[in-house]
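Student: One structure coming up, written as structure tokens, with questions to follow.
Please treat every number below as a calculation from the coordinates, not as lab data. Everything numeric in this text was worked out from a predicted model, so none of it was measured. Cβ coordinates were reconstructed from backbone atoms using ideal geometry, including for glycine residues, and neighbour counts include every protein chain displayed.
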């Protein structure tokens, strides 16, 4: 990708192949790795996004369609954090989250990773 991806941006990624209960298939993902990493490395750290809203757990963050640029309201799955090759990403930027929403994401990551 020619464009320098930034933390807080949403792209489609192909997450296959997977093992077990890992989140699979082509889906939107949120970039959570640092901008320094995103510029320098061939990998990025992402959180998968799903439109399955049956239940939103404390380590997940609700995301309205309006704030995300996605066609449906969704949730971000901090419990499915993973590092992937940039080659898994499609080039079209779908959306970029505001700082307030990224603070919610940071809180979900801290909870999931027991960082507090």
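Student: I'd like the full set of residues that are part of a strand (DSSP E or B) and touching a residue at least 60 places away in the same chain (Cβ under 8 Å), limited to segment 78-104.
Tutor: Matches in segment 78-104: 82, 84, 89, 90, 91, 92, 93, 94, 95, 96.
Student: Okay, moving on. Residue by residue through segment 78-106, note down the ones that are more than 14 Å from the chain's Cα centre (by Cα) and either surrounded by 13 or more Cβ atoms within 10 Å (Cβ to Cβ) or closer than 23 Å to residue 66 by Cβ (or both).
Tutor: 92, 99, 100
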